[in-house]
1. Got a sec? Which of Ala361, Ala339, Ala373 is touching a Gly at 6+ places or on another chain (Cβ under 9 Å) and either touching a residue at least 12 places away in the same chain (Cβ under 8 Å) or aromatic (Phe, Trp, Tyr) (or both)?
2. List the number of the failed condition for Leu350; all other conditions in (1) farther than 14 Å from Leu472 by Cα; (2) modelled with pLDDT of 90 or more; (3) hydrophobic (A, V, I, L, M, F, W, C); (4) open to solvent by 70 Å² or more (accessible area, probe 1.4 Å) hold.
3. Take the residues in the range 443-466 that are open to solvent by less than 30 Å² (accessible area, probe 1.4 Å) and in contact (Cβ under 8 Å) with a residue 24 or more places away in the chain, then tell me which one is nearest to Ile335 (Cα to Cα).
4. Six or more apart or on different chains, Cβ under 9 Å: which pairs go from a residue in the range 269-290 that's touching a residue at least 60 places away in the same chain (Cβ under 8 Å) and assigned to a helix (DSSP H, G or I) to one that's open to solvent by 40 Å² or more (accessible area, probe 1.4 Å) and not aliphatic (A, V, I, L, M)? Could you list them?
5. Which of the following residues is of a type in the set (D, E, K, R) and surrounded by 15 or more Cβ atoms within 10 Å (Cβ to Cβ): Glu155, Glu151?
6. When Ala476 is evaluated against the numbered criteria (1) open to solvent by 40 Å² or more (accessible area, probe 1.4 Å); (2) at pLDDT 80 or above; (3) not in a helix (DSSP H, G or I), which criterion, by number, is the only one it fails?
7. Give the number of residues within the range 363-402 that are within 17 Å of Ile341 (Cβ to Cβ) and either under 15 Å from the mean Cα position of the chain (by Cα) or buried (at least 19 other Cβ atoms within 10 Å of the Cβ) (or both).
Amino acid sequence: MSFSRLRLRTLSAARLRTSAWTIPGLLGLASVVALLSLDVRTATLLRNTLLLSVATCAISLPIGTLLAWLLVRTDLPGRKAALVLFGVMLFVPLYLQAAAWQAAFGVQGWLTTAYDGPVWLEGWTGAVWVHAMAALPWVVLIVGAGFWLVEPELEEQALLDGSPGQVFRHVTVPGALAAIGVAALWVIIVTAGEMTVTDLFVVRTYAEEVYTRAEVVQPDDPPLSLAHGVILTTWLVLAGLLLVARLVPRHRPVTTARRFVFPLGWRRWPIALLVGLGLLLVLGVPLASLAYKAGIVVTQVDGVRLRSWSLGKCLEMIGGGPVRYGREFGWSLLIGGLAAIAATAVAVVLAWLARRGRRSAAVVLAAVAVCLAVPGPIVGVAVIWLLNRPELPPLVWLYDQSILAPWLALTLRALAPATLVMWHALATVPQEMLDGAAVDGAGPAARLWRIAVPCRLWALALAWLVAMAVALGDLAASVLVLPPGMDTLSRHIFGLLHYGVEDRVAGICLAQVALFAAVAAGVVWLGHRRGKE
């Protein structure tokens, strides 16, 4: 190769490296300038958002990483059942988890009222704890996948020269560091973009402030800084790009070798007892608190109010919840189902485009990252800006009198997880089968709908179930765009939670938990079927 060509390639590589840092560099410079111009209120909002995300990650990441290793790579008794329970917890919405914890340790929780003790969950303590408990199953499953994907050949080679403890420290943990980083990014992005818990516990974050301003606008309120919100959202989107880039399918051969199971020895049963107590705390205490609230009966004897618990009343509250709130149930199922259908259909197209090459995959990756990382209240505000156009009366009528606005918001929220599911599914369709169809004259659309999708119908159903769970559980985006006279179960329960968790609210919460458990069971069944295939 001549010197001129070598120099040209060197310069091109240098320019490529420079361009890769252009956007983060410019964004960093803009962030520094924005930080220097921060007013006190906006600085407090951004600081609270950062503190809440970091505190949530600091609690959920170490505990979840340890649990992931114990449940995936050791001989711990009952590890499969524990993994299934954590999988079910993924589909329980954040507002239901907040309601469950408030039923025990909130202002009107049974523990607080029974013993006249201090309120354990309020303010920052309540917001951080509920977010950390909601993030724990995500950390367990993401990091658990990272531990499972560590090459067993490397561990077997290391076992020839060292003990299992040395293999764990020098091979297994370094191999799972990328998954631990993905879990940390996930927790930070999801926590920073939510306002459900912070609104309940009166913790002011940027997402919560956007929701409050959009919901109730006071004339004397100072304007919210748009530039700082754009910079915060852009950083979240960049983190989402990095996160999604780690989650997309990799074109590498999957090993069939058995993973090394780390023996716990005499510690098996003591650790199993500790893990069981942890599951009882994370899952059992909130659900038991809701059940107690739903079945509590207050009787007055000689002027003294006595509290007792009735199983019959508890079952009546749970069974009567869907009837009592049938209208809200109907709107939730209608809007959520249509949003899941739309998100799944778009996800199929995006996943198919991602197979066409790096440029198409980069565009799809960016779209998924934006849908994943943009805070929910900002999605709602964007939908309002898009549809609430007085110069277009038909659009305004659709905005005020139809389900278009909440359907669009929920579709955007459900699009990212549905696309990731279909991306992984369609990436495994054999290229030889598609090439044979192309030789026979099938175009791209025919190869997708006649070849690829029929081969992955289980993934299509799985993507729809995941999108349905996200749409039914979303509150941050849909709460701002529901038209008058239309109410979903999530917004109705969210409004009632501000007045405490009483028997009817606890009953409908338990009924909704049962609904999401059924959705999760469907997802687990489809995932098990995929594993058999």
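1. Only one candidate qualifies: Ala373.
2. Of (1) farther than 14 Å from Leu472 by Cα; (2) modelled with pLDDT of 90 or more; (3) hydrophobic (A, V, I, L, M, F, W, C); (4) open to solvent by 70 Å² or more (accessible area, probe 1.4 Å), only one is false for Leu350: (4).
3. Checked the range 443-466; the qualifying residue nearest to Ile335 (Cα to Cα) is Val466.
4. Note: pairs meeting the criteria are Ala272/Gly78; Ala272/Arg79; Val275/Gly78; Val275/Arg79; Gly276/Gly78; Ser289/Trp110.
5. On inspection, the qualifying residue turns out to be Glu155.
6. That leaves (1) as the condition not met.
7. Total satisfying the criteria: 1.
Okay, residues lined up against (1) open to solvent by 30 Å² or more (accessible area, probe 1.4 Å); (2) free of Cβ contacts under 8 Å to residues at least 40 places away in the same chain; (3) within 18 Å of the chain's Cα centre (by Cα):
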| position | (1), (2), (3) |
| --- | --- |
| Arg47 | yes, yes, no |
| Val54 | yes, no, yes |
| Cys57 | no, no, yes |
| Ser60 | no, no, yes |
| Leu66 | yes, yes, no |
| Asp75 | yes, no, no |
| Leu83 | yes, no, yes |
| Ala103 | no, no, no |
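The values are calculated or read from the model by the stated rules, or taken from the named source; none is laboratory data. Owing to the predicted nature of the structure, the values given are computational and were not obtained by experimental measurement. Note that we place each Cβ from the backbone using ideal geometry, even for glycine, and neighbour counts take in every protein chain shown. Ligands, DNA and RNA are excluded from the accessible area calculation, which covers all protein heavy atoms including side chains. Shrake-Rupley method; radii C 1.70, N 1.55, O 1.52, S 1.80 Å.
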